1. In nm, give the distance between the simple-model label positions of residue 101 and residue 59, each being 7 Å from the Cα along the Cα-to-Cβ direction.
2. By per-residue mean of other Cβ atoms within 10 Å, what is the highest-first order of 121-129, 51-59?
């Protein structure tokens with residue numbers, strides 16, 4: 001298939017804000033892993049942390065013109081999802097000479113009105129509420 005086209009909902013184990021109600025506050029790549037901190041317009045903060053991502057990228061949502069129409073059926077409810085039959089994941093396997101092919105590498109997408117963050121990871125992220133709501137921490141695996 002030529003496009004990233006099968007999107008499935010990612011169950012983070014906690015209620016995530018709607019896509020239209022959240023902005024990226026911070027993106028960090030540290031020795032502890034890769035994390036994205038999101039802030040909703042109502043003040044809730046959510047941290048999505050990947051312990052050992054294999055790759056990640058961030059693009060302005062407005063530059064994803066080819067992929068954006070594929071999200072229309074989901075409306076603004078989908079903040080985080082899996083991308084099945086991912087063109088980027090195929091490219092990653094080709095680029096790494098299939099070094100990770102035996103692992104269950106998943107393509108995660110985190111969507112906001114301004115950012116489209118893609119992460120390739122074998123392990124699911126840890127999703128936690130940082131502020132603005134009762135503290136919750138869930139290993140989304």
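No value in this document is a laboratory result; all are computed from the given coordinates. Quick caveat, the model's predicted, so the values are computed rather than measured. Quick reminder, even Gly has a Cβ in these numbers, built from the backbone with ideal geometry, and neighbours come from all protein chains shown.
1. The two pseudo-label positions are separated by 2.6 nm.
2. With the highest mean Cβ count within 10 Å placed first, the list reads 121-129, 51-59.
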